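**Q** Starting off with a structure, shown below.
The values are calculated or read from the model by the stated rules, or taken from the named source; none is laboratory data. Not measured: the values here are computed from a predicted model. Note: ideal-geometry Cβ built from the backbone for every residue, glycine included; neighbour counts use all protein chains shown.
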Amino acid sequence: MYVPISSRLLSALCALALLAGAVPAVRAADAAPSAHVTILATGGTIAGSGATSTTTVGYTAATVGVERLIQAVPELAKVAQVKGEQVFQIASENMSNAHWLTLAKRVNVLLAQPDVDGIVITHGTDTLEETAYFLDLVVKSKKPVVLVGAMRPGTALSADGPINLYNAVLLAASQEAVGKGVLVAMNDQIHGARDVTKTNTSTPDSFKTPELGMLGYFQGNKPYFYHVSTRKHTLDTEFDISKLDALPQVDIVYGYANVSPVALNAVVAAGAKGIIHAGVGDGSLASKVLPSLTAARKQGVLIVRSARVGQGIVARNGEANDDELDFVVSDTLNPQKARILLMLALTKTSDSKEIQRMFYTY
Ligand code: DGL
């Protein structure tokens with residue numbers, strides 16, 4: 001049975017309850033996330049736009065600025081305090097050594113600041129794996145650095161950029177990512193910079209770490225790691241780009257049936273300091289190109305035997321007598337990543353035995 005109660009008594013009872021803390025006076029505003037993450041934007045499809053919602057190829061990359069990328073994902077504010085910087089605005093097929101040095105120096109300056117806990121780099125997917133590996137070798141901090149891109153522009157149905165960006169910020173803000181080297185966040189997966197590669201021209205699941213395996217997943221707003229890289233990175237490398245204004249010229253020449261030494265001779269004549277030979281099979285060298293390679297070596301050009309197949313170890317003294325030819329083998333690095341390590345190695349030494357050690361270390 002309802003017993004009437006005076007309004008004054010009701011007010012007094014509510015005031016007592018508030019004082020006793022039984023009823024929170026005001027729901028505490030959600031506490032701001034503690035992690036500070038800086039997003040460095042460089043362009044790519046994640047910043048791209050297409051003519052229609054079904055345009056997933058034939059769009060324009062690098063058209064949307066970093067502030068709009070951040071505004072498009074308000075959920076970022078729940079995982080980190082985010083700041084954006086537009087470092088470049090390019091399609092990543094145009095990424096260059098100069099871009100890499102600028103980006104790496106900015107990353108190291110920011111990570112040295114106590115008010116930066118992690119960095120996300122938005123990037124075109126075409127050379128994302130290369131930038132990631134370069135940074136993996138030259139970033140001088142344990143703080144997370146996460147590269148992220150998109151396979152569809154933000155204007156497309158089921159664009160993957162926003163969720164990839166959210167996952168990347170989540171990872172860069174996480175303790176789990178500390179000390180793990182440079183990471184790649186794509187398609188709900190966590191990959192390590194050394195071994196990740198783009199495997200498909202256009203599908204959202206393009207980024208994979210075939211055979212050696214990705215490092216983990218994102219699920220339910222959390223990153224989950226299952227592996228770590230066994231190779232040295234970031235603070236544990238011998239490379240320092242802080243005083244470098246340029247990197248040695250290293251080019252890649254491709255092996256294939258009926259190959260001729262024309263391309264090889266051209267890059268040597270143009271002054272390459274190192275050559276990555278992307279050989280067939282286990283890094284095999286066609287007899288037509290071997291004389292040009294040995295001549296280049298005699299001129300002081302450092303030769304690395306890599307393999308176009310993409311997986312597996314290029315065996316030293318397997319398909320060629322590397323000891324006799326004074327060549328280096330790339331271990332499991334694909335040609336584009338072998339080029340990055342050789343460029344950095346040549347900033348330290350031209351000794352082929354020292355460089356071979358580096359290929360077995362990083
Ligand atoms: N032009 C390509 C690039 O910037 C677009 C591919 C992408 O970003 O997914 O890498």
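**Q** In segment 253-271, which residues are within 16 Å of residue 301 (Cα to Cα) and of a type outside the set (Val, Ile, Thr)?
**A** Passing the criteria: 261, 263, 264, 265, 266, 269, 270, 271.
**Q** Which members of segment 140-151 meet the condition of being crowded, with 24+ Cβ neighbours inside 10 Å and more than 15 Å from the ligand (Cβ to nearest atom)?
**A** Those that are crowded, with 24+ Cβ neighbours inside 10 Å and more than 15 Å from the ligand (Cβ to nearest atom): 144, 145, 146.
**Q** Could you say whether any residue in segment 132-149 is in contact with a helix residue (DSSP H, G or I) (Cβ under 8 Å, 6 or more places away or on another chain) and more than 22 Å from residue 178 (Cβ to Cβ)?
**A** Initially, segment 132-149 is screened for residues in contact with a helix residue (DSSP H, G or I) (Cβ under 8 Å, 6 or more places away or on another chain), giving 133-149.
Now restrict to residues that are more than 22 Å from residue 178 (Cβ to Cβ): 149.
Looking for residues that are in contact with a helix residue (DSSP H, G or I) (Cβ under 8 Å, 6 or more places away or on another chain) and more than 22 Å from residue 178 (Cβ to Cβ), one finds at least one in segment 132-149, hence yes.
**Q** Given the criteria away from the ligand (no atom under 11 Å from the Cβ), touching a residue at least 40 places away in the same chain (Cβ under 8 Å) and closer than 27 Å to residue 49 by Cα, does residue 137 qualify?
**A** Values: away from the ligand (no atom under 11 Å from the Cβ): yes; touching a residue at least 40 places away in the same chain (Cβ under 8 Å): yes; closer than 27 Å to residue 49 by Cα: no.
No, not satisfied.
Condition check ((1) under 22 Å from residue 80 (Cα atoms); (2) within 16 Å of the ligand (Cβ to nearest atom); (3) part of a strand (DSSP E or B)) across all residues:
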| residue | (1), (2), (3) |
| --- | --- |
| 124 | no, yes, no |
| 153 | no, yes, no |
| 158 | no, yes, no |
| 162 | yes, yes, no |
| 178 | yes, no, no |
| 185 | yes, yes, yes |
| 205 | no, yes, no |
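**Q** Let me ask another. Of all strands (runs of 3 or more DSSP E) completely enclosed by segment 208-269, which ones contain at least 3 residues that are of a type in the set (Val, Ile, Thr) and exposed (fewer than 15 other Cβ atoms within 10 Å of the Cβ)?
**A** So the answer is none; nothing clears 3.
**Q** Ok, one more. Among the residues of segment 97-122, what is the count of those that are part of a helix (DSSP H, G or I) and more than 16 Å from the ligand (Cβ to nearest atom)?
**A** Residues in segment 97-122 being part of a helix (DSSP H, G or I) and more than 16 Å from the ligand (Cβ to nearest atom): 12 in total.
**Q** Applying the selection to segment 38-95, what residues are within 16 Å of the ligand (Cβ to nearest atom), more than 13 Å from residue 154 (Cβ to Cβ) and in a helix (DSSP H, G or I)?
**A** Answer for segment 38-95, where residues must be within 16 Å of the ligand (Cβ to nearest atom), more than 13 Å from residue 154 (Cβ to Cβ) and in a helix (DSSP H, G or I): 92, 93, 94.
**Q** Look at segment 253-290 and say how many of its residues are aliphatic (A, V, I, L, M) and under 21 Å from residue 104 (Cβ atoms). Explain how you work it out, then say what you get.
**A** The initial filter retains those residues of segment 253-290 that are aliphatic (A, V, I, L, M), namely 253, 257, 259, 262-264, 266-270, 272, 275-276, 278, 280, 285-286, 289-290.
Right, trim to under 21 Å from residue 104 (Cβ atoms) and you get 276.
Here the count works out to 1.
**Q** Next question, about the same structure. Filter segment 301-354 for residues that are within 12 Å of residue 283 (Cα to Cα), of a type in the set (A, V, I, L, M) and surrounded by fewer than 20 Cβ atoms within 10 Å (Cβ to Cβ) and give the result.
**A** Within segment 301-354, 309, 313, 315 meet the criteria.
**Q** What's the number of the only condition in (1) charged (D, E, K, R); (2) within 14 Å of residue 250 (Cα to Cα); (3) without any contact (Cβ under 8 Å) to a residue 40 or more places away in the chain that residue 273 fails to meet?
**A** (3)
Listed here are the residues, each with its yes/no results for (1) modelled with pLDDT of 95 or more; (2) aliphatic (A, V, I, L, M); (3) touching an Asp or Glu at 6+ places or on another chain (Cβ under 7 Å).
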position: 287; (1), (2), (3): yes, no, no
position: 294; (1), (2), (3): yes, no, no
position: 316; (1), (2), (3): yes, no, yes
position: 325; (1), (2), (3): yes, yes, no
position: 344; (1), (2), (3): yes, yes, no
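**Q** Could you run through segment 331-362 and say how many residues are basic (Lys, Arg) and without any contact (Cβ under 8 Å) to a residue 40 or more places away in the chain?
**A** Selection size over segment 331-362: 2.
**Q** Which one of these is buried (at least 23 other Cβ atoms within 10 Å of the Cβ) and at positive phi: 161, 181, 124?
**A** 181
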